[in-house]
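Accompanying notes for the structure given below.
The values are calculated or read from the model by the stated rules, or taken from the named source; none is laboratory data. Predicted model only: the values in this text are computed from it and were never measured. Don't worry about glycine lacking a Cβ; one is built from the backbone with ideal geometry, like all the others, and counts go over all protein chains shown. The area values use the complete protein model at the heavy-atom level, side chains included, leaving out ligands, DNA and RNA. Shrake-Rupley method; radii C 1.70, N 1.55, O 1.52, S 1.80 Å.
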Amino acid sequence: VRKDELLTNVLKKLRTSLEKQLNKLSVENVHQATFVNEELGYPLTVSFPSRYKFEAEDEKQQVQIRKEFQEKLGLPLDKPFLRRFQSLQNVASRSTPTNVDGRTILRSPHLGPFAKAHGIDGAKTYIMSGDFDYYHYGVGHNDGGWGCAYRSLQMVMSWYELAGLTDTKPLSILRIQENLFNMGVMDADFYVGCKQWIGSQEVSWLLDSVCGASSRFVVCTRGSEILEKSRELSQHFMEQQTPIVICGGKLALTLLGIAWNEQSGKVSFLIADPHYTGEDELNQVQSKTVSLEGYKAIPVSWRGAEAFTDRSSYTLCLPQRKCMI
């Protein structure tokens, strides 16, 4: 096509070329899927050859063809855009609120104007990207007093699912215990149905085995040391963009972001607290101070240094974003 050729002639040639290609294919020989993504900026329909059945077990076989498509579209090659569970029909099914035993789980209660209400002048905010489901005590299991890390794990697993990085839904507490038991990594007192706590290490094992995601650890010998990790935490939210699980003092919390003024050193932590036992109602979890695990706080809220104690050490599990196509 010449640079000075009329647009009408270019479109005619394009139509002719497309007709020739389509004539070589029958409807039975292709599977079409439509994708919508912020980085794409427009709906994209892709025709996959019939040898790719576009089913879960065939995802690995499609890596090369997805890579070719993404290269042609100028898309990054370290994150997925064209996987089966990212297609429009699957995205629509994932947009349906999660229901567990008749109760609808709140999705991303940290978003909106609430996300900037940290109260620190001059602070920059660093918040996880995407969505997560807010799992807490009592959702599908009576786990009050011991299940907080299981709940934080479920929140992170929901993030991977909703981000299109896995098609595995968050496991129930019993399924989590079953997986840990089968790994042979727990002590002799652990069994499926027990009320034994888990921590950051167990969280990382499950994320690896179920979601295929690795984790990095940050160990703090006292609560105030977490404030000293502000730069490292902000870097995580900029690069990995995943929620963080904090375990210490027989408690677990899910960290969704931080607000940090580098000059003054003041920092605030955006917490989704798994110890909540109330109704799944947005106003309730965003604004009502309630009794949690020996303390009172707003379930999903910005918290200062008082969220952590110097009487305990803490291990932070920083899940890594999967590099995949």
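So which residues in segment 118-142 are of a type in the set (S, T, N, Q) and closer than 27 Å to Arg321 by Cα, if there are any at all?
First pass over segment 118-142, keeping only residues of a type in the set (S, T, N, Q): 125, 129, 142.
Across segment 118-142, the qualifying residues are Thr125, Ser129.
Selection of first residues in segment 276-297 that are over 18 Å from Cys148 (Cα atoms) and of second residues that are among the hydrophobic types (A, V, I, L, M, F, W, C) and open to solvent by less than 80 Å² (accessible area, probe 1.4 Å), restricted to Cβ pairs under 7 Å at least 6 apart or on distinct chains, gives the following pairs, ordered by first then second residue: Leu282/Leu106; Gln286/Phe114; Gln286/Ile298; Gln286/Val300; Ser287/Ile298; Lys288/Ile298; Thr289/Ala297; Thr289/Ile298. State which residue is farthest from Ser287 (Cα to Cα) when the search covers only segment 297-315 and only residues that are in a loop (DSSP other than H, G, I, E, B) and open to solvent by less than 30 Å² (accessible area, probe 1.4 Å). Top of the filtered list is Ser312.
In this entry, Cys194 passes the filter for residues that are open to solvent by less than 70 Å² (accessible area, probe 1.4 Å) and either on the phi > 0 side of the Ramachandran plot or more than 24 Å from the chain's Cα centre (by Cα) (or both).
Kindly indicate the residue of segment 120-154 that is of a type in the set (D, E, K, R) and assigned to a loop (DSSP other than H, G, I, E, B) and also surrounded by the most Cβ atoms within 10 Å (Cβ to Cβ) among those meeting that condition.
Checked segment 120-154; the qualifying residue surrounded by the most Cβ atoms within 10 Å (Cβ to Cβ) is Asp143.
Of all the numbered requirements in (1) modelled with pLDDT of 95 or more; (2) assigned to a loop (DSSP other than H, G, I, E, B), Gly294 misses one, and that requirement is (1).
Scanning segment 107-119 for residues that are surrounded by fewer than 16 Cβ atoms within 10 Å (Cβ to Cβ) and at negative phi yields Leu111, Pro113, Lys116, Ala117. Of all the numbered requirements in (1) out of contact with any strand residue (DSSP E or B) (no Cβ under 6 Å at 6 or more places or on another chain); (2) part of a helix (DSSP H, G or I); (3) within 21 Å of Ser301 (Cβ to Cβ), His236 misses one, and that requirement is (1). Total residues in segment 203-230 satisfying the condition of being open to solvent by 40 Å² or more (accessible area, probe 1.4 Å) and either among the hydrophobic types (A, V, I, L, M, F, W, C) or free of Cβ contacts under 8 Å to residues at least 12 places away in the same chain (or both): the figure is 6.
Being surrounded by 20 or more Cβ atoms within 10 Å (Cβ to Cβ) and farther than 17 Å from Tyr135 by Cα: is that true of Ala252 here? Taking the combined requirement at face value, the residue does not satisfy it. For the structure I just gave you, tell me whether Asp189 is of a type in the set (D, E, K, R) and more than 19 Å from the chain's Cα centre (by Cα). It is true that Asp189 is of a type in the set (D, E, K, R) and more than 19 Å from the chain's Cα centre (by Cα).
Identify all residues within segment 166-180 that are closer than 27 Å to Ser87 by Cβ, at pLDDT 95 or above and either within 17 Å of the chain's Cα centre (by Cα) or buried (at least 18 other Cβ atoms within 10 Å of the Cβ) (or both); write none if there are none. If you could, list the steps in order and put the result at the bottom.
Taking segment 166-180 first, the residues closer than 27 Å to Ser87 by Cβ are 166-172, 175.
Adding the requirement that they be at pLDDT 95 or above leaves 170-172, 175.
Pro170, Leu171, Ser172, listed by residue number.
Against the condition closer than 18 Å to Ser158 by Cα, at pLDDT 95 or above, open to solvent by less than 60 Å² (accessible area, probe 1.4 Å) and outside any helix (DSSP H, G or I), how does Cys247 come out, does it pass? No: the conditions fail for Cys247.
Looking at Ile271, is it touching a Leu at 6+ places or on another chain (Cβ under 8 Å) and aliphatic (A, V, I, L, M)?
On the way: touching a Leu at 6+ places or on another chain (Cβ under 8 Å): yes; aliphatic (A, V, I, L, M): yes.
Spelling it out, Ile271 is indeed touching a Leu at 6+ places or on another chain (Cβ under 8 Å) and aliphatic (A, V, I, L, M).
Among residues belonging to segment 1-47 that are touching a strand residue (DSSP E or B) at 6+ places or on another chain (Cβ under 8 Å) and either β-branched (Val, Ile, Thr) or open to solvent by 70 Å² or more (accessible area, probe 1.4 Å) (or both), point out the one that is modelled with the lowest pLDDT. Result: Leu25. Taking the stated definitions as given, is Tyr160 of a type outside the set (A, V, I, L, M) and free of Cβ contacts under 8 Å to residues at least 60 places away in the same chain? Judged against the criteria, Tyr160 is not a match.
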